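Participant: Okay, handing you the structure first.
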Amino acid sequence: MGIALLFCFVSQGYAQTLRLTGKVTQKVDGQALPGASVTVKGTTVGVVTDVNGNYALNIPQSGGTIVVSFVGMVSVERTVTQAGTENFTLEDNANNALNEVVVIGYGTQKVTKVSGAISTIKSTDIQRQNPVRAEEAIQGRAAGVTVIQGGTPGSSPTVAIRGIPSYAGSAPLVVIDGVQQSLADLNSVNPIDIESISVLKDASATAIYGVKGGNGIIVVTTKTGRKNMKPEFTVNSSYGVQEIARYIGVLNATEYGAIVNEGSVASGGNVIFPDLTTLGVGSNWQKEVFKTAPLQQHTIGVRGGSETVNYFLSGGYTSQGGIVGGIDKSRFDRGNFTANIDFQLSQKLKLTLNTTGVILNSKGIQENSFNSVIGSALNFDPTVPVLNTDPNSVGKYGYSNLILSEVYNPLTKLDNTYNKSLGSKLYGKFEAQYDILKNLKLTSRFGYTKYDANSKGFTPLVFYGPLNVDNSMNADRSTVIDKHNSVNHDKVSNFNYTWETFANYNFKVAEDHTFETVVGFSLAKESGNAAGVNRQDVPFNSWEFADYSAATGTNTATNPSATGGYYYQYFKRNMSFFGRLNYDYKEKYLASFTARRDGSTAFGADNKFANFFSGSVGWVASKESFFNVPAINFLKIRGSYGTVGNDNTPTQATTIITGGPDYGPTANSNGYNFSNVFYPGSTLGTTENKLLGWESQKQANVGFDLTLFNGKLTVTADYYEKRVGGLLFQPATVYTGGTTPVPAANIGSTKNNGVDISIGYNETIGNGFKLGNTFNITTVKSLVTATNTDGTAKIFGGSYFNGQSQQVTVFEKGQAPGYFYGYKTNGLFQNAAEIAAAPTQTGAQPGDIRFVDVNGDKVINAADRTNIGNPFPTVILGWTLSMSYKNFDFNAFTYASIGNDIYRAYERNGNYTNKFRGVLARWTGEGTTNDARNPRYSFTDANSNIRASDRYVEDGSFVKIKNIQLGYTFPRLMQGKVFKSIRIYAQVRNAATFTKYSGYDPEISGGVLDTGVDRGAYPQPRTYSMGLDIKL
Amino acid sequence: MVLLLTSFTACKKWVENNPHDRFLVTDLDYLKSETDYRTMAVSVYSPVQWLNQAVVVGDIASDNSVAGGESASDVLALQQIDDFTLTSTNSTLLDLWQVAYEGVNRANYMTQYKDKNKAGETVNFNGKDALYAEVYFLRAYYYFTLTKMWGDVPLFIDKRLNNSDAKLLTRAPKVEVYAQIEKDLNAAIAALPTTQSQKGRVTKYAAQALLGKVYLYENKFTDAASVLDPVITSGAYSLITNYASIYLAAGENGPESVFEIQYTNGSPYFNWGGVTRGQGNYAVQQNGIRGLNGIGGMPYAAGWSTNLPTQNLAAAYSAGDQRKAITAFNIEDYKAAHPEYNISYQVAPYKNTGLYNGKYLPRKGETSGQVELNYLNNFRVLRYSEVLLLAAEANNRSTAPNDTKAQGYLNQVRQRAFGDVAHNITATGTALKQAIWDERRLELAMDGDRFFDLVRTGQAANKLTGFIAGKHEVFPIPQEEINVTGLTQNPGY
């Protein structure tokens, strides 16, 4: 107002002028835009809008062209020839984001001056997805990032930025408002509170985080208020229904009866079902366990600011039920309460206090094994009626008299699942910024995460069937001898903090040389502890009484496990010094240099510290005077090289452990019993590698950024190569050395390379039809180039059980990390002559699988196991299509993953467990089939057709329409004075999946050695929802 | 600058790794008292428990039992041992190799720090020699297991094997391994007491009996006789009249027990990643009858039927031999004899013989926690009856044979079995030797001795289908170990 008055006064001096007044607002929310410049083109006449977005300006009598501009928005020009009111609306400069600023480690940088590789996702993109977890918003939207989602409500997806450099995992560092957190912590951020996500991909961007930067960094910036901003209230609310998208083909009761008969007779046994006609279709267990479940998300937020205090306050509630068993048995609930407040205490001193409290509650079911709820639904006997028809036995649901252990009626299993977990997290930062000089700013920041969880589980006495050997309850409700129900309580408490102090100094030399520098140090500590108790004999076998205090179990000589407890604690400390220098000459020639020195308690006494350096250069060719391609608005070519690390290994010590059973990787137990009394013993428990040091990762990146046709088309492309040396890895076990675990060592190396491409295409067609497209293409090739010197050090994983314990994934030299390892098949033996002519294969009969003699030694044995697939995709595509016309907006996101294989590991293969529809095409005689997936069926399997082989490997490539959203924003007229905008939308998530995979969902998340192994993984639901976005 | 330097020094401390900050006891803190030494010696015993699959293998590899299970591809490692289709990749054999060597390493760690602990101090106490005698016995037991199974094996006694020593490993000739076993057992005999107040601790007689058995494996019959006879003449042991009662919980560590591997359900264990490495006897679950159900006082619990006695074994018993019913337990006979139990069970789906190992059948109330892993049944690995049979063979085959003595020992065992003298053996010479060998099978079946006995006595090729002489006397060295250490493989594998 003051500025406007001033101009009013000055303007008195001119008689022959036209007086213009008006308001400048933002298109996106209709809000006033203070500080916008309003000038007369070609003159020095101009004003700035006041806090309410108003301006007053005198222009020459002859009129002129008024230019209204604001940083980050598209300028508007309008020719004015007469006095009066002229209002302007400015739009975000989304198409030509050249003025944007990205958040990087310990600072920000103008996008045009970045010479490293960074992908950015904006709040609008996140909001259109309406995700439960922030990672969902990254999937397919940030080139170079692989995200494999799971279906369990609230579960953490597999995230890998540019491949899998390390055995220790691929989880990137997560930095929320400058505070270091872990990928797991993303479950406590309300995605709607996020302003932007930057994914730092190459060494020049990540080396400032040194030893934490090896897997890339996800930088999350949450919303804040702005100076002199009127309070802006937002309400976002949505409600949806989730359902299972597809079922797996299993046999119905009649088909099951027939195949069981065949298997029994083939192995010399009796006919099990003499009369198949009585069986009918039987029970469909999958239909029984999958239920529809609600998904609701509600957030209320307000932000604003005065001269000295800016604020963002938000409260959110998310509740996601699970489709397996419904919301009563499987769910994820989150409540978020955020206050981001900053105080300008003086001209020079600013304090920032960000605090978020989160409540995280969940319930879960047994997952990911052949006898999980889903596994039981797939494998259980279909001839069993859903409900118990036997008046002489307890239990609500039917039982099998053929399957007597391991696999039970899935409904009985579900019914007897009782657990809950109540978690609370408090995270945020306290930060002080002091401007020592005009361009020298000192920042000291204390960031923290405090997490407490309290969980409880109840294992009731269960009756599975009169002949079941796993019963803990008899048919008459009495307790089986030696069996007890039990309750367990577990408490976890973690506290992590980082204290960082750094100075940013920006200066220019001789006008055109711009320097932006930062130096600082950081101390970090992660610590935590956990404790738990368990107790048997819960009264009335009831969840209602499932509590330690109500249970009555007391240890006795004959039952020493009636009650017990445990406790453990851990910590890890890091310290670092870091610095960065960014230079540019007229924003045309760019260079950046970063250094970091890190120390960690995790490392050997002789190898405590390590240095990490990186550098990058860039050339904005389009700024050169000789550059004259009219179609190209902007072209930058860049390259970087540097080192980052990984300290993801447990802190070492040479210890003596005393006690009894050991639950570590080698089961290095202690103790013995004399005269039937147990005596604890002691032995060497762990040893240390004094030379253990950092995994060092050398990364190179070259790329370019291109903007064409006035911002309609943008292309960013990068080629990268990462080479890890001194891989933190478990040396080969020397079994002669016994069972004391061998400490990790810096052996081995990996290589990852690939291309990230992002293409944006935006167009306005006709009158107000807007079209936006973003394509992201990611290619990754990961290879383990070495482990120990002779390659014998390898780690097996991907365990599953199908009658035998199997392991199907390996991390070893010369192969992709976590590749599938097993026998190759070559059709089926059609007759005895073929078996006789083939390499020796013990137990083979006609109709059995012919395995390939890979090493050519004429014998089929373990040495013939080889690479049979890769669980990780080679190419990932993401396509976001957005369209808007008048008040309608449409957003669709399609995601494709190509080249990922899946290992089908949910088939139990018991004599009486249900079979899958493939068995209907089995070999039944010479010439019937030569498909190795469908060998003859018999109870006895002397050929071990069930061994881990490519029989179970399927192409898991898929195209998923992940999200479709159609929105309608009510015209302003209808919204009246109270509402700034009202938008309603309908959304479908996981609308369609196109894949050859026969299971539920080709996205199988897990660690490096579990990804792609489908043991009956919790599928992602299809969700139909409706939502409402309101601004006040 | 000063500030920077001070902060740097402070920071160095910040990243220092002091195990005491984490409440860890390090090797420098330990072996500082008698208690430390005694506690550590307890854990030298632990791997003996983990060797329970060696007992299972001893019968499955022989004509005594078969690996049943759910199907041909269930318990594959045992099936391959059963059928002599085994290769160098066998999870059971790999586990036994690692476990036996863990025993060796634990014993070695103690002998390494016997005179001075890691911190360089000497800790003396009463009974230290006797304690170390137990350690020597156990090391001998581990090496005996190793050499019985694999022949020439790596031999080291000075320290725990370090991972970096892997490439230096070589296999020592069997003779050298046996020489070390003898040395350790003689050292044990010299310092062990004849009785121990705690049942399950090894005694002088146990060491002598084991040494006698080792001598038989070396064909040193005269030495064997001279070390075994004193065990018998000591009168410390006697035969239990009711053979089956030896194998009841109440019969554990009884008057006939010379060395018994102790198990208990008193320290429940639930680690499926190392099924044998708790305080329970995992092999018991393997013996159990599938889907067994019964009411009232039916004592048995269900199991996995992966170790089934053969009809061949059952047929080897003469009528009137009380050992048959328990060694080759016939479930149908039992069911018929006890209609009041209303027994139902699932016929063993693979390699059914109708017979079960009654000596170690899972019984209700004898396990805890994770029921499959915690059965309390001790393994009776060295009973007085075997001492008699060992001594009989030693006297029969010594350079100055004493067949009368041999017959006497043998007939003590037979008289207990039949409850009369009508079944006494009167043969001499080679016939007596064969009678003693045959008796060993009947007396020791399902106690894990048969396969090694057949190999030792040269009968394996005649008695075992699929056995190839010159190959199957020893098991293949685990391929995983060959890959890492470059050890040589046994012939034929």
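Participant: Residues of the range B:173-199 being of a type outside the set (Ser, Thr, Tyr) and out of contact with any helix residue (DSSP H, G or I) (no Cβ under 8 Å at 6 or more places or on another chain), which ones? Step through it out loud before you land on a result.
Facilitator: Step one: list which residues in the range B:173-199 are of a type outside the set (Ser, Thr, Tyr), which gives B:173-177, B:179-193, B:196, B:198-199.
Hits for the range B:173-199 are B:Pro173, B:Val175, B:Glu176, B:Ala179, B:Lys183, B:Gln196, B:Gln198, B:Lys199.
Participant: Then there's this: Go through the range A:156-185 and count every residue that is closer than 19 Å to A:Thr874 by Cα, among the hydrophobic types (A, V, I, L, M, F, W, C) and crowded, with 24+ Cβ neighbours inside 10 Å.
Facilitator: Residues in the range A:156-185 being closer than 19 Å to A:Thr874 by Cα, among the hydrophobic types (A, V, I, L, M, F, W, C) and crowded, with 24+ Cβ neighbours inside 10 Å: 4 in total.
Participant: Quick check on this structure: which one of A:Gly748, A:Gly797, A:Gly772 is in contact (Cβ under 8 Å) with a residue 12 or more places away in the chain, more than 26 Å from A:Thr594 (Cα to Cα) and within 14 Å of chain B (Cβ to nearest Cβ)?
Facilitator: Result: A:Gly797 is the single residue among A:Gly748, A:Gly797, A:Gly772 that is in contact (Cβ under 8 Å) with a residue 12 or more places away in the chain, more than 26 Å from A:Thr594 (Cα to Cα) and within 14 Å of chain B (Cβ to nearest Cβ).
So that you can scan it fast, the table gives a plain yes or no per residue for (1) of a type in the set (D, E, K, R); (2) within 7 Å of chain B (Cβ to nearest Cβ):
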| site | (1), (2) |
| --- | --- |
| A:Tyr585 | no, no |
| A:Ser600 | no, yes |
| A:Trp619 | no, no |
| A:Ala631 | no, no |
| A:Arg638 | yes, no |
| A:Asn676 | no, yes |
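Participant: Restricting the range B:450-470 to residues that are part of a loop (DSSP other than H, G, I, E, B) and on the phi < 0 side of the Ramachandran plot, which is surrounded by the most Cβ atoms within 10 Å (Cβ to Cβ)?
Facilitator: Just the residues of the range B:450-470 that are part of a loop (DSSP other than H, G, I, E, B), to begin with: B:457-459, B:464-470.
Within this subset, residues satisfying the condition of being on the phi < 0 side of the Ramachandran plot are B:457, B:459, B:464-465, B:467-469.
Numbers: B:Thr457: 16, B:Gln459: 17, B:Leu464: 18, B:Thr465: 7, B:Phe467: 20, B:Ile468: 12, B:Ala469: 12.
Filtering the range B:450-470 for residues that are part of a loop (DSSP other than H, G, I, E, B) and on the phi < 0 side of the Ramachandran plot, the one surrounded by the most Cβ atoms within 10 Å (Cβ to Cβ) comes out as B:Phe467.
Participant: Identify all residues within the range A:540-559 that are in contact (Cβ under 8 Å) with a residue 12 or more places away in the chain and within 29 Å of B:Leu376 (Cβ to Cβ); write none if there are none.
Facilitator: If the condition is that a residue be in contact (Cβ under 8 Å) with a residue 12 or more places away in the chain and within 29 Å of B:Leu376 (Cβ to Cβ), then A:Asn541, A:Tyr548, A:Ala551, A:Thr552, A:Gly553, A:Asn559 are the ones that fit.
Participant: If you go through the range B:74-99 one residue at a time, how many are assigned to a helix (DSSP H, G or I), under 14 Å from B:Glu481 (Cα atoms) and touching a residue at least 40 places away in the same chain (Cβ under 8 Å)?
Facilitator: Initially, the range B:74-99 is screened for residues assigned to a helix (DSSP H, G or I), giving B:76-83, B:91-99.
From what is left, the residues that are under 14 Å from B:Glu481 (Cα atoms) are B:91-99.
From the residues that got through so far, the ones that are touching a residue at least 40 places away in the same chain (Cβ under 8 Å) too are B:93-97, B:99.
Residues that pass the stated criteria total 6.
Participant: So, one more: Filter the range B:348-366 down to residues that are assigned to a loop (DSSP other than H, G, I, E, B), within 11 Å of chain A (Cβ to nearest Cβ) and either in contact with a strand residue (DSSP E or B) (Cβ under 9 Å, 6 or more places away or on another chain) or modelled with pLDDT under 90 (or both), then give me how many there are.
Facilitator: Taking the range B:348-366 and keeping what is assigned to a loop (DSSP other than H, G, I, E, B), we get B:348-354, B:357, B:361-362, B:364-366.
Now restrict to residues that are within 11 Å of chain A (Cβ to nearest Cβ): B:349-352, B:362, B:364-366.
Subsequent filtering for residues that are either in contact with a strand residue (DSSP E or B) (Cβ under 9 Å, 6 or more places away or on another chain) or modelled with pLDDT under 90 (or both) retains B:349-352, B:362, B:364-365.
Total meeting the criteria: 7.
The rows are residues; the columns are (1) without any contact (Cβ under 8 Å) to a residue 60 or more places away in the chain; (2) away from every other protein chain (no Cβ under 14 Å); (3) buried (at least 18 other Cβ atoms within 10 Å of the Cβ).
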{"site": "A:Pro385", "(1), (2), (3)": "no, yes, no"}
{"site": "A:Val394", "(1), (2), (3)": "no, yes, no"}
{"site": "A:Tyr397", "(1), (2), (3)": "yes, yes, yes"}
{"site": "A:Leu402", "(1), (2), (3)": "no, no, yes"}
{"site": "A:Leu411", "(1), (2), (3)": "no, yes, yes"}
{"site": "A:Leu414", "(1), (2), (3)": "no, yes, yes"}
{"site": "A:Gly423", "(1), (2), (3)": "no, yes, yes"}
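Participant: Right, another one. From the residues in the range A:893-928 that are under 20 Å from A:Asn261 (Cβ atoms) and among the β-branched types (Val, Ile, Thr), which one is farthest from the other protein chains (Cβ to nearest Cβ)?
Facilitator: So in the range A:893-928, the residues under 20 Å from A:Asn261 (Cβ atoms) come out as A:907-925, A:928.
Narrowing the set further to residues that are among the β-branched types (Val, Ile, Thr) leaves A:913, A:919, A:924, A:928.
Details: A:Thr913: 11, A:Val919: 16, A:Thr924: 20, A:Thr928: 22 Å.
So, considering only residues that are under 20 Å from A:Asn261 (Cβ atoms) and among the β-branched types (Val, Ile, Thr), the one farthest from the other protein chains (Cβ to nearest Cβ) is A:Thr928.
Participant: Just for the range B:199-225: of the residues that are polar (S, T, N, Q) and under 17 Å from B:Ile181 (Cβ atoms), which one is farthest from the other protein chains (Cβ to nearest Cβ)?
Facilitator: B:Asn219
Participant: Take the range A:70-97 and flag every residue that is part of a loop (DSSP other than H, G, I, E, B), at pLDDT below 75 and surrounded by fewer than 17 Cβ atoms within 10 Å (Cβ to Cβ).
Facilitator: Selection gives A:Val71, A:Gly72, A:Asn96.
Participant: Being assigned to a strand (DSSP E or B), small (Gly, Ala, Ser) and under 23 Å from the mean Cα position of the chain (by Cα) is the requirement here; does A:Gly772 meet it? Before the answer, list the steps.
Facilitator: Numbers: assigned to a strand (DSSP E or B): yes; small (Gly, Ala, Ser): yes; under 23 Å from the mean Cα position of the chain (by Cα): no.
No.
Participant: Still on this model: Go through the range A:443-464 and give me each residue that's among the hydrophobic types (A, V, I, L, M, F, W, C) and crowded, with 17+ Cβ neighbours inside 10 Å. Let's see the steps before the verdict.
Facilitator: Let us first name the residues in the range A:443-464 that are among the hydrophobic types (A, V, I, L, M, F, W, C), namely A:446, A:453, A:458, A:461-463.
Those that are among the hydrophobic types (A, V, I, L, M, F, W, C) and crowded, with 17+ Cβ neighbours inside 10 Å: A:Ala453, A:Phe458, A:Leu461, A:Val462, A:Phe463.
Participant: Further, regarding this structure: Pull out all pairs, ordered by first then second residue, where Cβ-Cβ is under 8 Å, the residues are six or more apart or on different chains, the first lies in the range A:521-534 and is over 11 Å from A:Tyr448 (Cβ atoms), and the second is of a type in the set (Asp, Glu).
Facilitator: Taking only residues 6 or more apart or on different chains, the pairs are A:Phe521/A:Glu500; A:Ser522/A:Glu500; A:Leu523/A:Glu500; A:Ala530/A:Asp490; A:Ala531/A:Asp490; A:Gly532/A:Asp490.
Participant: Another question, then. Within the range A:708-728, can one find any residue that is touching a residue at least 60 places away in the same chain (Cβ under 8 Å), assigned to a loop (DSSP other than H, G, I, E, B), of a type in the set (A, V, I, L, M) and under 30 Å from B:Ser46 (Cβ atoms)?
Facilitator: Looking through the range A:708-728, none of the residues is touching a residue at least 60 places away in the same chain (Cβ under 8 Å), assigned to a loop (DSSP other than H, G, I, E, B), of a type in the set (A, V, I, L, M) and under 30 Å from B:Ser46 (Cβ atoms).
Participant: So, in the range A:513-565, of the ones that are among the acidic types (Asp, Glu) and surrounded by fewer than 17 Cβ atoms within 10 Å (Cβ to Cβ), which residue ends up nearest to the other protein chains (Cβ to nearest Cβ)?
Facilitator: Taking the range A:513-565 as the starting set, the residues that turn out to be among the acidic types (Asp, Glu) are A:516, A:526, A:537, A:544, A:547.
Cutting the leftovers down to surrounded by fewer than 17 Cβ atoms within 10 Å (Cβ to Cβ) gives us A:544, A:547.
Values: A:Glu544: 26, A:Asp547: 21 Å.
The qualifying residue nearest to the other protein chains (Cβ to nearest Cβ) is A:Asp547.
Participant: Within the bounds of the range A:866-877, is there any residue that is over 36 Å from the mean Cα position of the chain (by Cα) and either closer than 18 Å to A:Glu954 by Cα or assigned to a loop (DSSP other than H, G, I, E, B) (or both)? Don't jump to the end; show me each part of the working.
Facilitator: Step one: of the range A:866-877, the residues over 36 Å from the mean Cα position of the chain (by Cα) are none.
For the range A:866-877, residues over 36 Å from the mean Cα position of the chain (by Cα) and either closer than 18 Å to A:Glu954 by Cα or assigned to a loop (DSSP other than H, G, I, E, B) (or both): absent.
Participant: Look at B:Lys128 and say whether it is assigned by TED's automatic domain parsing to the domain that holds B:Phe467, at pLDDT below 95, over 14 Å from the mean Cα position of the chain (by Cα) and of a type in the set (D, E, K, R).
Facilitator: Numbers: assigned by TED's automatic domain parsing to the domain that holds B:Phe467: yes; at pLDDT below 95: no; over 14 Å from the mean Cα position of the chain (by Cα): yes; of a type in the set (D, E, K, R): yes.
In short, no.
Participant: Going by the conditions given, is B:Asn52 away from chain A (no Cβ under 11 Å), crowded, with 16+ Cβ neighbours inside 10 Å and modelled with pLDDT under 95?
Facilitator: Yes: the conditions hold for B:Asn52.
Participant: Of the residues that sit in the range B:367-386 and are in a helix (DSSP H, G or I) and touching a Phe, Trp or Tyr at 6+ places or on another chain (Cβ under 6 Å), which one is modelled with the lowest pLDDT?
Facilitator: Going through the range B:367-386, the residues in a helix (DSSP H, G or I) turn out to be B:371-373, B:384-386.
So of that shortlist, the ones also touching a Phe, Trp or Tyr at 6+ places or on another chain (Cβ under 6 Å) come out as B:373, B:384.
Working: B:Leu373: 92, B:Tyr384: 97.
Filtering first and then ranking leaves B:Leu373.
Participant: Restricting the range A:932-964 to residues that are crowded, with 22+ Cβ neighbours inside 10 Å and among the acidic types (Asp, Glu), which is farthest from the other protein chains (Cβ to nearest Cβ)?
Facilitator: This residue is A:Asp950.
Participant: Would you check which residues across the range B:165-201 are more than 19 Å from B:Pro478 (Cα to Cα) and of a type in the set (S, T, N, Q) and list them?
Facilitator: If the condition is that a residue be more than 19 Å from B:Pro478 (Cα to Cα) and of a type in the set (S, T, N, Q), then B:Gln180, B:Asn186, B:Thr194, B:Thr195, B:Gln196, B:Ser197, B:Gln198 are the ones that fit.
Participant: Given the criterion assigned by TED's automatic domain parsing to the domain that holds B:Thr87, part of a helix (DSSP H, G or I), closer than 30 Å to A:Asn861 by Cβ and of a type outside the set (Lys, Arg), identify the matching residue among B:Glu473, B:Glu480.
Facilitator: Result: B:Glu480 is the single residue among B:Glu473, B:Glu480 that is assigned by TED's automatic domain parsing to the domain that holds B:Thr87, part of a helix (DSSP H, G or I), closer than 30 Å to A:Asn861 by Cβ and of a type outside the set (Lys, Arg).
Participant: Let me spell it out: the conditions are (1) over 29 Å from B:Glu480 (Cα atoms); (2) at pLDDT 95 or above; (3) of a type outside the set (Phe, Trp, Tyr), and B:Lys118 meets all of them except one. Which number is the exception?
Facilitator: (2)
Participant: For B:Ala100, only one of the following conditions fails: (1) at the interface with chain A (Cβ under 7 Å from one of its Cβ atoms); (2) under 16 Å from the mean Cα position of the chain (by Cα). What is its number?
Facilitator: Here B:Ala100 meets the rest and fails (1).
The values are calculated or read from the model by the stated rules, or taken from the named source; none is laboratory data. The structure displayed is predicted, hence computed values, not measured ones. Using ideal geometry, Cβ is built from the backbone for each residue, glycine included, and neighbour counts are taken over all protein chains shown.
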